[in-house]
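Down below is the structure, laid out as structure tokens.
Values quoted throughout were computed directly from the atomic coordinates according to the rules given, and no laboratory measurement underlies them. The model shown is predicted, which means the values in this text are computed figures rather than measured ones. A quick note on method: Cβ atoms are made from the backbone with ideal geometry, for glycine too, and the neighbour counts reach across all protein chains shown.
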Amino acid sequence: MTHHQEIQLPTTLAEVLDVLKSNPDPDKKRQQSKLSAISRISTYMNRPPSDIPTDIPQLRKLLASLHPAACGVKPNTLSTTKSDLASALRAVGVLQDFEGKFELTPEWDTFLTTVQSTHQVWGLMRFARYCSARSIQPAEVNSDVVQAFQATLDAALLKNEPAKYIQSMIDTWNHVIDKHDLDLPRLDRLSSDRYVARPLTDYPESLQAEIKAYIDRLAQRDLFSEGGPDKPLRETSLRNTEAHLRQMLDALVTSGQRPEKLTSLSVVVTANNLKTAFRTIIDRRGNEGLPTGLSNVAATCIAIARHHLSAPEDVIRALKDIQKKVTATPRGMSNKNAERLAQFNDWENVALLLSLPDTLMARADDNPTRRDSALAAMHAAALTILLSCPMRVKNLANLDLDKHLIPARSGTHTYYSIRIEGIEVKNGEPIEVKLNARSSKILHRYIMQFRPQVSQVGGRALFPRSSDGKPRSPANFGGDLTRRIFRETGLKVHPHLFRHIAAKLYLEERPGDFETVRRLLKHKRLQTTMDFYASLSNQWAHDHYDEVVLSKFRGTSDD
């Protein structure tokens, strides 16, 4: 009797190497490319091949984290290395190659002839071949087919994210159907991983009216209303208040309460309801840990109970007890920001970021008439301001040439100062800084040559929208800067992180000098600065210990 053993596929790149060496490709050049790709990927990831899994979703995520700048290679080199790695994985059977150049069925061939754009044909071709191989015709396409296709892509795509590919394919499919009025089913877009709470319109009008009146009072929209705060809340705080209430209401409905029964804030804001809502939200997240925003939801409920409902002290105390239990982290920097800040433990990454404005401006000067050069110059100017004065992105996006920038001539050079009144700043502290010669030069170059190309519409915004010349929205502008930094350097840096970067770099040179950092970041209280950045002095303590104690034992022998 012959016993057939199931072939075990390699589970690490080390095992892939063993298989490739045991069964070499007859083409020596192809063989060497496969072996070299594994070696290079191991070097780029700072992991031995035995520590790199061949599970495609895991490996795809690891590969996506690699950036040419961080790897010290050109983009084409990294792309070629990934392609060679894919060839190596296909050779040992780990990576599926489901396409196989399947012939299109006549129905799919007819469908693709209606697609006039070449890039749209390519966007649909893989799906068309997949369906043709399984005798699925265009009229039979539905969400189940797309879901199965995505599962296949998940095991077959190494360089591209399947969900993004699927979403693009769905958009192209629907566009072709709508444009040519084809009698084919439209496809639903992929659902977002982000949970969206029910709108307030799902609840009784009495509750909607009470919430609106409460928020209007916080905003002091009626100058003569009584019982509101000393100062009107900012728009961001007002939006957060409404969002917190939507979160709580949605969780209560999810837990089984009927929306029509939630008639007023006195019915909604109770300790039992807050516990129920938080249990529902925590259960929804599964094993992802305690949500960081629950403490803020509790704070909103406490404020409503105290200032709007005039609840007795025992009710306030019960709500505060709940808030304490969901306040998972100490005051200070979030884990996400701390993780991103750790990128700058490597001085090469510091140099990449600090030199980026010059790099972008030099590129803009190479082709000064192109629009993408104007955008590069705009980003260079924005980044040089953030490096010189790490302000919040709202203040950066709203900078006005007349209101906030003060130019001063000195010989043939123009120097700039920035002044933002406290009323425009989150904590009320005014921002005032004189830019150095290098930063002023970049800013002046942008203003004089490139800003008119960013927007030809009149206006005085430093960073105008092309459509109307008004200031760019903080969210969009911040996102543009984040993407630009990652594309150029491989670093994950959002505008607010510049504040933490400034503190880190300064405290590494002047450990313990929190007062200077407080002034730089315009904190009102020194304790706020210390809450955020005391841990940054820990490395100095380790280095000092190393110098004072451990260095005495270096070079000694165990003999």
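Spatial offset of the range 465-496 relative to the range 175-199 amounts to 28 Å, using the alpha carbon center of each.
How large is the convex hull of the C-alpha atoms of the range 334-405 per residue, in Å³?
Numbers: hull volume 8.3 nm³, N = 72.
Convex hull of Cα atoms, per residue: 115 Å³.
Mind pulling up the Rg/Rh value for the range 106-180? Radius of gyration and Kirkwood radius, both on Cα. That ratio is 0.93, to two decimals.
Using only Cα atoms, what Kirkwood radius does the range 13-91 have, in angstroms? Every distinct Cα pair counted, the radius reaches 12.7 Å. Taking the Cα centre of the range 200-326 as reference, the dipole from Cβ charges on Lys and Arg (+1) and Asp and Glu (-1) amounts to some 420 debye. Ranked by the mean number of other Cβ atoms within 10 Å of their residues, highest first, the peptides 332-342, 298-308 fall in the order 298-308, 332-342. Shown for the chain is the translational diffusion coefficient from the Stokes-Einstein equation, using the Kirkwood radius over Cα pairs, a temperature of 37 °C and a viscosity of 0.692 mPa s: 113 µm²/s. Computed over every Cα-Cα pair of the range 353-443 and binned at 5 Å starting from 0, the pair-distance distribution P(r) comes out as 3, 13, 23, 22, 20, 13, 5, 2, 0 percent. Taking the Cβ-Cβ separation of D109 and R371 as r and a Förster radius of 35 Å, what is the calculated FRET efficiency to the nearest 0.05? That gives a FRET efficiency of 0.35. Computing Rg and the Kirkwood Rh from the Cα coordinates of the range 200-326 gives a ratio, Rg/Rh, of 0.96. This ranking places S535, S22 by how few other beta-carbon atoms lie within 10 Å of each, fewest first, which gives S22, S535.
Would you mind computing the Rg to Rh ratio of the range 374-512 from its alpha-carbon coordinates, Kirkwood style for Rh? Reported Rg/Rh, Kirkwood definition of Rh: 0.96. Can you compute the FRET efficiency between A243 and S36 using 1/(1 + (r/R0)^6), with r the Cβ-Cβ distance and R0 = 56 Å? Round to the nearest 0.05. Once rounded, the FRET efficiency stands at 0.65. Multiplying each eigenvalue of the alpha-carbon gyration tensor of the range 455-514 by 5 and taking the square root yields semi-axes of 31, 15, 8 Å, largest first, rounded to whole angstroms. Packing, taken as the mean count of other beta carbons within 10 Å per residue, orders the peptides 542-550, 348-356 from highest to lowest as 348-356, 542-550.
The Stokes-Einstein estimate for the range 172-267, based on a Kirkwood radius over Cα pairs and taken at 4 °C with 1.567 mPa s viscosity, is a diffusion coefficient of 78 µm²/s. Computed from backbone phi, the HN-Hα couplings of the range 114-119 come to 7, 8, 8, 8, 4, 5 Hz, rounded to whole numbers (Karplus: 6.51 cos²θ - 1.76 cosθ + 1.60, θ = phi - 60°; Gly and Pro given as x).
Legend: calculated FRET efficiency, S466 to A14, from the Cβ-Cβ distance at R0 = 56 Å, rounded to 0.05, equals 0.60.
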